[in-house]
């Protein structure tokens with residue numbers, strides 16, 4: 001039995017299809033606009049493709065910045081967790097990723113099916129879909145919200161094993177050894193069971209290995225530092241899904257690529273009001289970390305993506321004097337998205353001695369054309385020059401002071417994706 | 001007084017302890033012990049320890065890392081220095097089994113009271129301490145097992161203490177009680193020697209634990225001995241495996257591997273460097289197909305750990321030869337049914353490639369069996385075991401309860417280490 005659409009009949013503002021003025025509520029066939037009907041079942045949906053036939057990519061993005069029971073959250077504060085604060089970056093990260101998937105994701109093998117978004121922020125703001133212009137309120141990130149969204153997402157993924165699952169989380173995360181939890185908006189609502197307000201990531205990953213979809217990509221942008229109480233009495237958070245062990249009988253394990261924004265036991269960083277360092281690096285990598293396949297198409301595959309984001313997130317974190325090393329837990333090679341053409345390549349140039357970058361200059365030339373000139377580092381605290389260049393052969397020329405002399409160091413290098421790193425070294429002494 | 005120099009020209013170990021006992025005639029009886037001194041002897045051509053002794057006959061008893069004790073006599077007659085090389089006290093065929101000094105009785109575990117760097121080579125059979133004043137502390141070894149009885153995996157596994165206990169909230173004093181322990185003597189010159197109680201680890205299959213403390217941080221390092229087949233000794237296996245575990249000043253173990261393929265596996269298990277691991281998987285798969293496996297189904301001679309690591313990596317990464325790794329895992333499991341690692345990796349293979357419920361039933365049984373023993377030697381094994389228990393927990397109360405129990409171990413694991421390292425306190429960083 002179909003669920004009636006609540007909106008009045010008329011012109012579908014999504015597709016501009018004029019609907020009959022009388023009769024039953026519109027159907028998919030009438031307006032090809034499924035999102036309103038589907039949102040009645042899954043309020044986290046912010047984008048639905050015109051058709052969900054065949055293999056599709058279903059994306060679930062969770063950004064938890066506002067924690068009701070942490071200091072400043074407005075609720076009764078969970079004692080003993082002074083190090084956990086409100087976060088400004090996760091909502092921006094989740095929205096930025098949603099925008100990218102809606103606007104830029106291109107996978108002809110598994111086209112975009114749906115994008116779901118959950119955002120916890122102090123003042124809930126609807127998400128404006130950049131493709132349709134429609135504004136959608138999104139769930140606020142309580143455990144119930146996330147569980148409902150995860151289950152609906154998993155249900156959509158189960159339509160065919162050729163689907164691709166993409167899950168991304170940005171917010172507080174904690175880990176103790178192999179026990180990992182992602183903290184949700186209502187974390188700490190029950191002081192006696194604080195982790196009831198968390199997502200059990202350990203179990204979630206294991207459970208997803210029995211999900212129908214054969215291709216799964218996870219981005220976990222959260223701290224992985226320890227927290228007392230995690231795992232006490234076996235409580236590592238709420239299990240969001242449950243599949244029987246027989247769910248994949250005869251089909252082997254799915255390909256999983258699990259990307260973390262930081263190493264186990266370490267912290268991840270962001271800046272209020274802007275996407276996190278990892279998300280910025282991820283978005284940059286999604287636009288550039290591509291390789292050409294046998295047919296000449298440029299594809300961003302997960303290992304290259306990881307390599308690129310490792311460099312860029314780490315470099316971004318150095319701008320606030322932090323170290324952040326993303327890592328990968330599963331390394332299945334998954335073709336995530338295709339680029340429309342050859343990518344612009346992130347280029348990172350450093351000099352030795354490193355400290356001299358503040359008083360050094362760099363010129364980058366392609367043939368006789370000077371394409372980039374830098375004096376001092378590209379950003380404060382950064383110990384590199386960064387730029388984005390088209391693939392080609394370049395000459396990098398640095399003027400670097402060392403031992404009371406100015407040295408000109410030049411290197412000719414091919415700039416090739418996924419990322420190109422150059423070191424201009426002033427070597428002194430024998431053999432230099 | 002005359003200098004008696006005791007040396008150990010053997011690079012197999014870094015140092016050992018020795019007891020120098022003056023023997024002589026007293027009351028007309030020969031070989032009466034007339035007081036002894038314990039010394040620590042560092043190994044290598046430049047490593048030696050000198051003590052001043054008065055003329056007489058001396059019995060030098062060296063406790064080898066294997067738990068064996070070798071003895072030698074020397075005579076100090078005048079002012080000229082006298083040297084004894086413990087390595088030459090070995091039997092000509094290279095074996096060291098001569099005399100055993102069994103000392104029964106339980107002894108409480110004691111933590112070292114000082115900080116500093118403690119490094120231990122594979123199996124913890126020799127060690128190196130820097131910046132430590134001489135002191136005695138203990139480290140656990142496994143109890144001796146009765147090798148005359150047929151091997152029972154569970155019985156063997158249960159000989160090891162359940163490591164969850166010291167880390168469970170509310171443990172009486174947070175300390176383990178070990179049925180047997182070995183004493184370690186730390187020398188000011190940066191060397192330690194071991195004095196093994198009982199028969200040491202030489203007869204015991206399964207993982208060997210060592211425990212180190214720095215401040216309030218206590219780390220248990222599972223030294224990579226995933227199996228010990230009948231007739232094998234830890235020392236021989238350690239030499240074949242080409243693994244070395246050092247515990248550095250920050251208390252964290254550092255693993256080095258003198259085998260390219262195994263090194264590639266370790267690289268994957270620590271930093272997920274997949275490219276080298278894939279190349280190594282290919283080479284190991286060739287070995288499995290045509291290589292050096294003994295006809296009796298035992299383990300290959302060189303770097304046997306690499307084969308187990310390949311199973312872990314190949315099955316985790318769904319390598320194209322997944323079934324090769326699955327068959328190898330089963331083979332390892334058959335070759336050494338006591339190996340928890342072999343149980344876990346076999347169970348994982350059965351779970352992810354299950355074609356029918358029989359496969360799932362067997363996987364469940366192996367996961368359950370593995371959870372009753374000590375944790376797997378490899379960190380990835382701990383993760384696979386946790387995942388396996390979690391997979392069945394939704395539909396099986398026994399497995400759910402076991403998962404909860406095992407979580408105590410899993411949450412103490414240092415995920416950055418290839419071999420299982422448990423910590424009783426959060427990492428300082």
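Considering only DSSP beta bridges where both residues belong to the range A:200-357, give the percentage that are antiparallel (nearest 5). That works out to approximately 65 percent antiparallel. Against the longest alpha carbon principal axis of chain A, how many degrees, from 0 to 90 and to the nearest 10, is the axis of helix A:302-318 turned? Long axis of A:302-318 versus the principal axis of chain A: about 70 degrees. Its alpha carbons considered, the range A:97-180 gives a radius of gyration followed by a Dmax of 14.6, 44 Å.
Give the residues of the range B:337-354 whose amide nitrogen is closer than 17 Å to a point set 7 Å from the Cα of residue A:247 in the direction of its Cβ. Zone members listed by number: B:351-354. In chain A, the DSSP-assigned H stretches of four residues or longer account for a calculated mean residue ellipticity at 222 nm of -5500 deg cm²/dmol, using -39500 (n - 2.57) per stretch and the full residue count as denominator.
Structure remark: mean-square fluctuation, Gaussian network model of chain A, C-alpha springs under 10 Å; the largest value among A:219, A:277, A:396 belongs to A:396. Net length available on complete extension from residue A:388 to residue A:421 is 10.7 nm, with 0.36 nm assigned per residue and the Cα-Cα distance removed. Based on C-alpha pairs under 8 angstrom that are at least 6 apart in sequence, chain A has a relative contact order of 12 percent. I need the shape label for the range A:187-285. Rule: rounded when a/c is under 1.5, else prolate if a/b > b/c, else oblate, with a, b, c from the alpha carbon gyration tensor. Oblate, since a/c reaches 1.5 and b/c is not below a/b. Computed from Cα atoms, the angle from the helix A:143-157 axis to the main principal axis of chain A rounds to 90 degrees.
Taking the C-alpha atoms only, the angle from helix A:89-103 to the longest principal axis of chain A is near 80 degrees. Considering only A:134, A:325, A:156, the mean-square fluctuation computed in a Gaussian network model of chain A, springs between alpha carbons under 10 angstrom, is largest for A:134.
Label positions at residue B:59 and residue A:414, each projected 7 Å from the Cα along the C-beta direction, are separated by 7.4 nm.
Per-residue shielding of A:203-214, expressed as the average number of other chain Cβ atoms within 10 Å of the residue Cβ, stands at 3. Average partner chain C-beta neighbours within 10 Å, per residue of B:399-409? Across B:399-409, the average partner-chain Cβ count within 10 Å equals 3. Model label sites at residue A:196 and residue A:158, defined 7 Å from Cα along the beta-carbon direction, differ in position by 2.6 nm. The equivalent ellipsoid of the range A:185-241 has semi-axes of 24, 13, 10 Å, largest first, where each one is the square root of 5 times an eigenvalue of the Cα gyration tensor.
Put simply, when A:84-92, A:172-180, A:254-262, B:49-57 are sorted by average Cβ atoms within 10 angstrom per residue, most first, you get A:172-180, A:254-262, A:84-92, B:49-57. Rounded to the nearest 0.05, the FRET efficiency derived from the C-beta distance between residue B:361 and residue A:109 at R0 = 51 Å is 0.90.
First check a/c for the range B:310-381, with a ≥ b ≥ c the square roots of the eigenvalues of its C-alpha gyration tensor; if it is under 1.5, answer rounded, and if not, answer prolate when a/b is larger than b/c or oblate otherwise. Verdict is oblate for the range B:310-381. Take the Cα of residue B:276, step 7 Å toward its Cβ, do the same at residue A:76, and the gap between the two points is 5.3 nm. Counting only other chain Cβ atoms within 10 Å of each residue's Cβ, the peptide A:169-179 averages 5. Which FRET efficiency value, to the nearest 0.05, is calculated for residue A:373 and residue B:395 with the Förster distance at 60 angstrom and r the Cβ-Cβ distance? About 0.40, to the nearest 0.05. DSSP assigns beta bridges within chain A; of those with both partners inside it, close to 60 percent run antiparallel. When the square roots of the Cα gyration tensor eigenvalues are ordered a ≥ b ≥ c, the ratio a/c for the range A:87-243 is 1.5 or more and a/b does not exceed b/c, which makes its shape oblate. Note on residue A:325 and residue A:50: with the Förster distance fixed at 41 Å, the Cβ-Cβ geometry gives a FRET efficiency of about 0.50.
Read-outs throughout are calculated quantities, based only on the coordinates presented, and are distinct from any laboratory measurement. None of these values were measured; they are calculated from a predicted model. Here the Cβ is made from the backbone with ideal geometry for all residues, glycine too, and neighbour counts use every protein chain on show.
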